[in-house]
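Here the structure comes first, spelled out in structure tokens, and everything after it is commentary.
The values are calculated or read from the model by the stated rules, or taken from the named source; none is laboratory data. All figures in this text were calculated on a predicted structure; none of them were measured in a lab. Ideal geometry is used to build each Cβ from the backbone, glycine not excepted, and the neighbour counts take in all protein chains shown.
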Amino acid sequence: MVAGGADGRDPAAALALPVQLLLGVAYPVLAHLAGTRGGMWPALALADLVLLMLVLPLLHRRWWALGLLAVSLALLAALAGTLWLDLLLLAPPVLFTGWLAWLFGRSLLRGRTPLVTRIVSALYAQSGWPLPEGLPAYARRLTLGWALLLAGLTLANAALAVCAVPGGVLYALGREPWIAVPQHAWSWFANLLNYGMVGGFMVAEFQYRKRRFPQRPYRNGLDFARRLAALGPHFWRDLLR
């Protein structure tokens, strides 16, 4: 059991964040190598994903997490080089973008606060600033924009996963896709271009928001990211519920 710090913070959670960030950045690269080169790369990419999900309980020295990690790694080693790992690699891009689209879309339902509104309200409250006029309405539209973008990526990822050759769902079932998508094309889109589109949308929106709302509690992109991190794990856990 990891004891809390003198200020009540969980040191394991503080350490988990940079480790998860590194594993998260590594996953698209490993998945792309898996999609284009095969061999042991699919097993390595999926092992990275397992570690990403188990970082916090492992740092808390949970025995069940250590056991689950050992079993997962043994299964991945046993299945290395088989079609099963190729099929498993199709799921994360669909599930990840679909989950995010659901989070953004759900927050737009009646009785809920849009996701972006909650984030910008917390940032301004953190600095003791009032929300500028028009920002709540803009944040709601931006939440909708994110939901639509991520839903579109989810559908595109699912369609490509079905039609990829070899390694796609129809291929694994012994059926001919109506439009055959080369495996490397699926990998470029699902493992790299996906994140490029999300990052491009984020950067373009940030530049527009700087001009639209010049009075803001952060100086630049780095300061914005620092203040987001300073909101703390409790805020982000509550946000994702």
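Yes/no matrix, rows are residues, columns are (1) modelled with pLDDT under 95; (2) over 17 Å from Leu90 (Cβ atoms); (3) of a type in the set (Asp, Glu); (4) not assigned by TED's automatic domain parsing to the domain that holds Gln183:
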position: Met1; (1), (2), (3), (4): yes, yes, no, yes
position: Gly4; (1), (2), (3), (4): yes, yes, no, yes
position: Asp7; (1), (2), (3), (4): yes, yes, yes, yes
position: Ala14; (1), (2), (3), (4): yes, yes, no, yes
position: Gly24; (1), (2), (3), (4): yes, yes, no, yes
position: Gly38; (1), (2), (3), (4): yes, no, no, yes
position: Leu54; (1), (2), (3), (4): yes, yes, no, yes
position: Pro57; (1), (2), (3), (4): yes, yes, no, yes
position: Ala70; (1), (2), (3), (4): no, yes, no, yes
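For the range 107-129, does any single residue satisfy the condition of being closer than 30 Å to Leu46 by Cβ and without any contact (Cβ under 8 Å) to a residue 24 or more places away in the chain? No. Considering Thr117, Thr113, Thr97, the condition of being in the same structural domain as Ala151 (by TED's automatic domain parsing), in a loop (DSSP other than H, G, I, E, B) and among the hydroxyl-bearing types (Ser, Thr, Tyr) is satisfied by Thr113 alone. Sort through Leu142, Leu192 and tell me the only one that's of a type outside the set (Phe, Trp, Tyr), more than 26 Å from Trp41 (Cα to Cα), touching a helix residue (DSSP H, G or I) at 6+ places or on another chain (Cβ under 9 Å) and in the same structural domain as Pro92 (by TED's automatic domain parsing). Unique residue meeting the criteria: Leu142. Can you name the residue in the range 196-241 that is of a type in the set (Phe, Trp, Tyr) and surrounded by fewer than 16 Cβ atoms within 10 Å (Cβ to Cβ) and, of all such residues, is nearest to Ala159 (Cα to Cα)? Step by step, filter the range 196-241, then rank; the result is Phe201. Taken together, the residues in the range 37-72 that are of a type outside the set (Val, Ile, Thr), in contact (Cβ under 8 Å) with a residue 12 or more places away in the chain and under 28 Å from Trp188 (Cβ atoms) amount to 14. Checked against (1) more than 21 Å from Leu228 (Cβ to Cβ); (2) outside any loop (DSSP other than H, G, I, E, B), Leu56 passes all but condition (1). In the set Leu89, Leu100, Leu95, only one residue is of a type in the set (A, V, I, L, M) and crowded, with 21+ Cβ neighbours inside 10 Å; that residue is Leu89. Pairing each residue of the range 154-180 that is surrounded by 15 or more Cβ atoms within 10 Å (Cβ to Cβ) with any residue that is in a loop (DSSP other than H, G, I, E, B) and of a type in the set (Asp, Glu), provided the two are 6+ apart or on different chains, yields C-beta distances under 8 Å for Leu170/Glu176.
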